1. Once you keep just the Cα pairs under 8 angstrom separated by 6 or more residues, what percentage relative contact order results for chain A?
2. Can you find, among A:Pro69, B:Trp194, A:Ala7, the residue sitting farthest towards the positive end of the charge dipole of the protein assembly as shown, where Lys and Arg contribute +1 and Asp and Glu -1 at Cβ?
3. Select from B:Phe158, B:Thr224, B:Ser285 the residue farthest towards the positive end of the dipole of region B:142-296; place +1 on Cβ of Lys and Arg, -1 on Cβ of Asp and Glu, and compute about the Cα centre.
4. Tell me which trypsin sites (Lys or Arg not before Pro) from region A:4-74 have a DSSP coil assignment and no more than 16 other beta carbons within 10 Å of their own.
5. As a test of the definition: which semi-axes, in Å, follow for the protein assembly as shown when you take the square root of five times each eigenvalue of its alpha carbon gyration tensor? Largest first, please.
6. Can you order the peptides B:98-110, B:41-53, B:255-267 by their average number of other Cβ atoms within 10 Å per residue, highest first?
7. If each of A:His184 and A:Arg17 carries a label point 7 Å out from its Cα toward its Cβ, how far apart are those two points in nm?
8. Work out how far the C-alpha atoms of region B:54-178 reach from end to end along every principal axis, then list the three figures in whole Å, largest first.
2 protein chains.
Amino acid sequence: MSELTVAATQMACGWDREENIARVEKLVREAASRGARLVLPQELFEAPYFCQDQNPDFMYLALPIDENPAVKRMQQLAAELKIVIPVSIYERANNALYNTLVMVDVSGDILGIYRKSHIPDGPGYSEKYYFNGGDTGFKVWETGVGKIGAAICWDQWFPEVARILALKGADVILYPTAIGSEPHDPTINSRDHWQRTMQGHSAANIVPVVASNRIGTEKGLHGTQITFYGSSFITDAFGAKIEAANETDECVLTAPLDLEANRKQRLNWGLFRDRRVDLYKDILSLDGENRHAATR
Amino acid sequence: MSELTVAATQMACGWDREENIARVEKLVREAASRGARLVLPQELFEAPYFCQDQNPDFMYLALPIDENPAVKRMQQLAAELKIVIPVSIYERANNALYNTLVMVDVSGDILGIYRKSHIPDGPGYSEKYYFNGGDTGFKVWETGVGKIGAAICWDQWFPEVARILALKGADVILYPTAIGSEPHDPTINSRDHWQRTMQGHSAANIVPVVASNRIGTEKGLHGTQITFYGSSFITDAFGAKIEAANETDECVLTAPLDLEANRKQRLNWGLFRDRRVDLYKDILSLDGENRHAATR
């Protein structure tokens, strides 16, 4: 498989779960009608970004994977359209709660799951309140359309994640996301920083990235609000944006990729030949001094 | 120390060693006159980029550090101007040959050396012929102007290097470079890819980067030539280019940085709080399957 059209969707989310799922379905169908065989919806599209506040009732949004209505609908859709759909959900597993990606293959079967490893915590983004840190490690799946790696939102800031996905053979790296303004400080706008970081992962690993983000302004329970800045994008294998959405409009981005041409670039650049793994141990430390038990 | 003006120089190099050193001195003095206290000259400025060809005679360009005229001159200059100058040289150490950075402090003393870890090899860039792989590991020095990390040219493509330098506390990351056209394929232009990769390192680590590259067209021994594309640049802590040179002109870039403001951003973003070092072991493998002896 060499030619693959990929897609990212971008939309606002409200409190009607079925309506959100129906909107995703509409956008996924539009992407498929344009030839996309891998369609990435944004993070946690079944609800507003509830992490803006700390409210234990919101934990009941989490469902076991086999009871989640978005997963069921996307499985039907993937099988009907013969496409891959990575589905971002709030997962309940006994007393653990995860921010999980369910990889649905062209058959409609679930190939596996990835649980978000890096969990942010700051004003308006109280994810450590809602999610356990993921325990799956980083995942690349052999899907019906190629080897696809995925990570979730905050994971996208960490070069280690993209590198490990590339080492495991990812031909495309996906980042479903929910990011926008900082409710405590309206002067902060991380949009360009956010894009540059993922463009850098793409450039350094010679792998295209697909980022799907939400739009819309969502009000919190205590007078705060977040405006999600959209700006979903798709890069080529060198980190250049080849498709990019604006900050406000619902849309579907699609881009054709030549996976085999990119694989050839990954080899002939020599970056994966010249790595010095004998010198990287400090990366397993938090403080650069290599104190982590695993490395002693 | 919070405010620091940094500089990158950009120039062409010929076969007259003394003339190259004198030109660097002129540019360093210009940078210092504009307030720079950390000035980065480009990689291997004492000669044309001899790695375009494989010729054993060029190995005699390598000298022990204490016999290298560029190091001596830059030590005098650093002491006189009270600035830090990282000096890129071809180092001979008995039968080993290294691509080495000598970190000269504001006193004129040598703080330490870094030997280029990642050695490229491809048409026109035959560095594996000339250099041993570095054995120093990655270095951050407590200089008279702050904690400065440095890596050399090909190192700049590897996210592991920038990450480790940031983990070790680098306030600025330096990349002296010699990169340009690909003599076997004039359709390749890596300039934007090159900049995006380092901008990504800056963005992901919230550390400014300074890249210094050569200019000029250099002819090889067998009809080839390389046009070095300059485009030296300095980023802010979020990977945005705040100063950038063109592809053809000798110049000095300077930019003021607020190191303390950047340190605060590195903390309050939470990226160094949320790393999952328990999940990164595969980064020590070449093939993503974690087969490297060090990790077993």
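Rule-based calculations on the coordinates, nothing more; no lab input. These figures come from a predicted structure and were not determined experimentally. Cβ coordinates were reconstructed from backbone atoms using ideal geometry, including for glycine residues, and neighbour counts include every protein chain displayed.
1. Once normalised by length, the contact order is 19 percent.
2. Result: A:Pro69, furthest along the dipole toward the positive end.
3. The Cα lying farthest towards the positive end belongs to B:Ser285.
4. For trypsin sites (Lys or Arg not before Pro) across region A:4-74 that sit outside H, G, I, E and B with at most 16 neighbouring Cβ atoms in 10 Å, the list reads A:Arg34.
5. Equivalent ellipsoid semi-axes, largest first: 45, 25, 21 Å.
6. Order by mean packing, descending: B:41-53, B:98-110, B:255-267.
7. Result: 3.1 nm between the two label points.
8. Taking max minus min along each principal axis of the Cα atoms, region B:54-178 gives 39, 33, 22 Å.
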